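Taken together, the values in this text are just the output of simple stated rules run on the coordinates, not laboratory data. The model shown is predicted, which means the values in this text are computed figures rather than measured ones. Cβ coordinates were reconstructed from backbone atoms using ideal geometry, including for glycine residues, and neighbour counts include every protein chain displayed.
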Amino acid sequence: MHRHSHAGAKQPHIFSHEKAGWLDEPEREGWLPTPTLLGLLEVAPGMRVLDFGAGTGRYALALAEQQTQIRVVAYDVQPEFLAIIAQRIAERGLANVRASDRVEGRFDRIFALNVLHEIGDDDLRVMRAALRPGGFVLFVDWNASIDRPTGPPKEHVHAPGEARERLRAAGFAGAKQIEEPKLPYHFVFRASLLRN
């Protein structure tokens, strides 16, 4: 399991497994629609995808079900989340996704939903090292520059410009912001190792 420094994170603590039920609330589809998020990943058959900070596995499992010709790793540091994911994988009989507390190997896509504000710079370096050339990390995170009825306080999350600079400092030379009106409370960055 990766135990890294929290240095660089905006939020003082990670989202607790004790609030797991909130991650699966149907109302979240109104402002974090699964089809939109999965579409932004632009996954093709044969790819390896890492869901970094997978929580309950909501998106990792949806992606594995939608794209049976890919391999998905649902990574989380909390054993309680990993147990939920493992149970759901077994219930659905999915063979192309697994839960893990380790980031091993290289990936074509890394999905990081609502984690940039929680993770330290060490974790960003782990992502960079795990990204295959030509791939990208999709960062979707709470936007500090807009008023939101939900999510963490503004002081615990990044504004888009601040997020871009943090990604560049972590070694993502390309950090392209994507405008997505279906995600009204979030910003989206496609971060790669090469300038884009």
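Quick look at the numbers
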item	result
Radius 15 Å from Cβ of residue 95, net charge of other residues (Lys, Arg +1; Asp, Glu -1)	+3
Part-to-part distance (alpha-carbon centres) for the stretch 136-187 and the stretch 78-115, which is given in Å	23 Å
Along the chain, longest interval not containing exposed trypsin sites (Lys or Arg not before Pro), exposed being DSSP loop plus at most 16 other Cβ atoms within 10 Å	4-101
Mean separation of Cα contacts under 8 Å (6+ apart) over length of the stretch 114-196, as relative contact order %	34 percent
222 nm mean residue ellipticity, helices alone, for the chain (DSSP H n ≥ 4; -39,500 (n - 2.57); rounded to 500)	-8000 deg cm²/dmol
Cα centre as origin, Lys/Arg/Asp/Glu Cβ charges: the chain dipole, Debye	700 debye
Sorted by Cβ density within 10 Å, fewest first, the residues 42, 27	27, 42
Likely footprinting exposure, 47, 127, fewest C-beta neighbours within 10 Å first	47, 127
Three-way shape label, the chain, alpha-carbon gyration tensor, a/c 1.5	rounded
For 185, 59, 75, order by how many other beta-carbon atoms lie within 10 Å, fewest first	185, 59, 75
Selection from 46, 143, 30 lying farthest towards where the dipole of the chain points positive, charges on Cβ	46
